Amino acid sequence: MSDSLFDLEGKVALVTGGSRGLGRQMVLAFAKAGADVVITSRKIDACAALAAEVEALGRKALPVACHVGKWEEIDALVEAAYETFGKVDVLVNNAGMSPVAPSSAETSEELFDKVVGVNFKGPFRLTSLVGERMAAGGGGSIINVSSSGAIFPAPKFGPYAGAKAALNALTGVFAREFGPTVRVNTISAGPFLTDIADAWPEESRRSTRSAIGRPGQPEEIVTTALYLASPASSYTTGSFVRVDGGLY
């Protein structure tokens, strides 16, 4: 397959949770493929530091602080992106959080609302705004970064598993709502050795119950993200792509 299929020259990508982990890997990959990038997370300093790396690659970058669980901040993020670049061609709903309570009964309403807000409510709002503009313009690609936790839910993770399952459903909703020019797909990410894994038990950092048998390295998300972001996936929408080493 020609590398030109993965060319993002002249495109603008917006990545939430873009300053670290899988988001960081995708930001750098998109920039290397030729895209300018909007990098957003709650920590503006981290976004700005990564923006400097993107600019060193010869691309433009806009760092924006945004809590994706808050719609007024999402609205401001979208306005900043379009004011700076005039368009968004690729949207990656990557921001997420998965705190666990001592038990389901001890899960506070505040924690429940926060988890659902970041993992589901925020992506709904951001996709609604950007997808509508994409459909009215030249089209685009939207990638929802979900989790294996939605298909292999664990005890005490009800709010997270439920929110990610709801995010999976949104992929089908928006693929039909904004098609045919906007493609919407899900990456179902398994365990990756990002900074979040620093708190895992040593055994979980070495092995997983999967066909490949180990956690993923962060850079192993890149090829799937590039495929879904680029013309290489021109006939792929409403899809659910597992990048989890074959968990079972």
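The values are calculated or read from the model by the stated rules, or taken from the named source; none is laboratory data. Bear in mind the structure is a predicted one, so any value in this text is a computation, not a measurement. Note that each Cβ is placed from the backbone with ideal geometry, even for glycine, and that neighbours are counted across all protein chains shown.
Surrounded by 15 or more Cβ atoms within 10 Å (Cβ to Cβ) and either modelled with pLDDT of 95 or more or basic (Lys, Arg) (or both) - does that describe any residue in segment 100-108?
The answer is yes, given that some residue of segment 100-108 is surrounded by 15 or more Cβ atoms within 10 Å (Cβ to Cβ) and either modelled with pLDDT of 95 or more or basic (Lys, Arg) (or both).
Considering (1) under 19 Å from Ile143 (Cβ atoms); (2) of a type in the set (Gly, Ala, Ser); (3) surrounded by fewer than 23 Cβ atoms within 10 Å (Cβ to Cβ), say which one Ala56 fails and leave the rest.
The one condition Ala56 does not meet is (1).
Of the residues Ala48, Ala29, which single one is over 25 Å from Gly138 (Cβ atoms) and in a helix (DSSP H, G or I)?
It is Ala48.
Looking only at segment 183-234, filter to residues that are β-branched (Val, Ile, Thr) and touching a residue at least 60 places away in the same chain (Cβ under 8 Å); which one of those is surrounded by the most Cβ atoms within 10 Å (Cβ to Cβ)?
Checked segment 183-234; the qualifying residue surrounded by the most Cβ atoms within 10 Å (Cβ to Cβ) is Ile221.
Those residues that are without any contact (Cβ under 8 Å) to a residue 60 or more places away in the chain, in a helix (DSSP H, G or I) and of a type in the set (A, V, I, L, M, F, W, C), I need them from segment 78-105; list them, please.
Within segment 78-105, Val78, Ala80 meet the criteria.
Taking Ile39 and the conditions (1) free of Cβ contacts under 8 Å to residues at least 24 places away in the same chain; (2) under 16 Å from the mean Cα position of the chain (by Cα), which numbered condition does it fall short on, given that it satisfies the others?
(1)
Suppose we keep only residues that are surrounded by fewer than 21 Cβ atoms within 10 Å (Cβ to Cβ) and in a helix (DSSP H, G or I) within segment 134-168. Which one would you say is farthest from the chain's Cα centre (by Cα)?
In this case the residue turns out to be Ala136.
Return only the number of the condition from (1) outside any loop (DSSP other than H, G, I, E, B); (2) more than 19 Å from the chain's Cα centre (by Cα); (3) touching a residue at least 12 places away in the same chain (Cβ under 8 Å) that Thr171 does not satisfy.
In the conditions (1) outside any loop (DSSP other than H, G, I, E, B); (2) more than 19 Å from the chain's Cα centre (by Cα); (3) touching a residue at least 12 places away in the same chain (Cβ under 8 Å), Thr171 misses (2) alone.
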